[in-house]
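The values are calculated or read from the model by the stated rules, or taken from the named source; none is laboratory data. The shown structure was predicted, so the numbers you read here are calculated from the model rather than taken from an experiment. For neighbour counting, all protein chains shown are included, and Cβ atoms are generated from backbone atoms with ideal geometry for every residue, glycine included. Side chains are part of the model used for accessible areas, which takes the heavy atoms of the whole protein and leaves out ligands, DNA and RNA. Shrake-Rupley method; radii C 1.70, N 1.55, O 1.52, S 1.80 Å.
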Amino acid sequence: MATSVRAEQGGTPPPAAPPSPPAPRGRRRRSGPGGWRSTLYRWDVKAIPYVFIAPFFLTFAAFGLFPLIYTGYLSLNRVELGGTAEWKGLENYTDLATSEFFWNALLNTFTIGVISTVPQLLMALGLAHLLNYKLRGRGFFRVAILAPYATSIAAATLVFAQLFNTDYGMINTLLDWVGIGPIDWNNSKWPAQIAISVIVTWRWTGYNALIYLAAMQAVPQDLYEAASLDGASRWRQFISVTIPSIRPTIFFTIIVSTIGATQLFGEPMLFGGSVGISGGSGHQFQTLSLLMYEKGWITGALGSASAIAWVMLALLLLLGGIQALVSRRNRKKLGD
């Protein structure tokens, strides 16, 4: 009524209300070749990283994870080579706990590891310190100290077995010149372990020396300059600057060398010759790896061999846990 009155009086009618916006709808997928290409591109970006890393995980699952799980299964069974599995539970582990051969192998592994690791890392530290200075032919010496690491284990062990031969070896000949009688390097416990440790030390010293050298070259020169201004000698700089700066690297090499000593196999086996698997005539240098091999492939007791393998794995995990705890403690100290 008011509108018609205004129209009759010549007034302007009010503007019409704007139309309401349409309700939102879902995004429509593009049709046609362009839409398929964008979809394939999105799938390609998401899936291609997994395609690249799939070979590693497949290989690890086939040759790492499955053998590990299957070995754990065999360790809970009595299995003869070529026979069927018979469930025994933890019997294989309890047998190891009461086995004289197992504890002897564990002790031999520990003693050979200590005898070979301590001199090896000390000499590697000294070599790295010398190579860290400006010397003539520095590049040649860096390559030369790595040559033993590149040498075959079999070749190196056979050469050292001749050097330590009781009857005609050069080591006994040199000892005879200084008035020391011939030493039975093969049949005596400590001489045999020392001879094997010499092989391990000769092979791995240069490798660890290069690791230490890389760590030393990362130490800031300002620290050495400040120590020199304070009147510190080179030996004091080495003790007070170099060693604390490369402490994480030293601890890393200790853990890696200890793991390598736990898995020691080739050197004692080849050094012992025909009785290398048993660790000598009296098991004087039989390690855990040799005992595991003897149980599995000579005796045929795959269950016992698998139990030894899992004990070795537990030892390695324990060493890894110690390394992680010490590393975390060092980081906290640096942070504070």
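How large is ³J(HN,Hα) for each residue in the stretch 183-191, as worked out from phi by the Karplus curve 6.51 cos²θ - 1.76 cosθ + 1.60 (θ = phi - 60°), to whole Hz, x for Gly and Pro?
9, 7, 6, 9, 9, 9, 5, 5, x
Not counting ligands, DNA or RNA, and with a 1.4 Å probe, what is ARG328's accessible surface area in Å² rounded to the nearest 10?
Rounded to the nearest 10, the figure is 130 Å².
Rounded to two decimals, what ratio of Rg to Rh does the stretch 65-186 give with C-alpha atoms and a Kirkwood Rh?
1.15
Near the amide H of ARG78, under 5 Å away, which other amide H atoms are found, from residues 5 or more places off or on another chain, if H is placed in the peptide plane?
Excluding prolines and chain starts, which carry no amide H, the hits are GLU86, TRP87, LYS88.
Let me know the volume per residue of the alpha-carbon convex hull for the stretch 148-192, in Å³.
Cα-based convex hull of the stretch 148-192, divided per residue, equals 87 Å³.
Considering only protein heavy atoms, what is the solvent-accessible area of ARG247 at a probe of 1.4 Å, reported in Å² to the nearest 10?
Solvent-accessible area, nearest 10 Å²: 130 Å².
Whenever you get a sec, line up MET216, MET123 from highest to lowest accessible area (probe 1.4 Å, protein heavy atoms).
Listed by decreasing accessible area, they come as MET123, MET216.
Calculate the translational D of the chain in whole µm² s⁻¹ from Stokes-Einstein, where the hydrodynamic radius comes from the Kirkwood formula applied to all Cα pairs, the temperature is 10 °C and the viscosity 1.306 mPa s.
Result for D is 61 µm²/s.
For the stretch 233-239, just list the computed ³J(HN,Hα) in residue order, Karplus coefficients 6.51, -1.76 and 1.60, θ = phi - 60°, integers in Hz, with x standing in for Gly and Pro.
6, 5, 5, 5, 5, 5, 6
Quote the accessible area belonging to PHE57 in square angstrom, nearest 10, computed with a 1.4 Å probe and with ligands, DNA and RNA left uncounted.
110 Å²
Can you give the net charge of the other residues whose Cβ lies under 15 Å from the Cβ of THR151, counting K and R as +1 and D and E as -1?
Within the 15 Å Cβ shell, the charges total 0.
Explain nothing, just compute: Karplus ³J(HN,Hα) = 6.51 cos²θ - 1.76 cosθ + 1.60, θ = phi - 60°, for every residue of the stretch 213-220 in order, whole Hz, x for Gly and Pro.
Along the stretch 213-220, the couplings run 4, 4, 5, 5, 5, 8, 6, x Hz.
Expressed as a rounded percentage, what relative contact order does the stretch 120-258 have, with Cα pairs under 8 Å and six or more residues apart?
That works out to 32 percent.
Residues in the stretch 288-320, backbone N under 18 Å from the label point at ILE69 (7 Å along the Cα-to-beta-carbon vector): list them, ranges by number please.
310
Could you grab the relative contact order for the chain? Cα pairs under 8 Å, six or more apart, rounded to a whole percent.
Computed over the chain, the figure is 24 percent.
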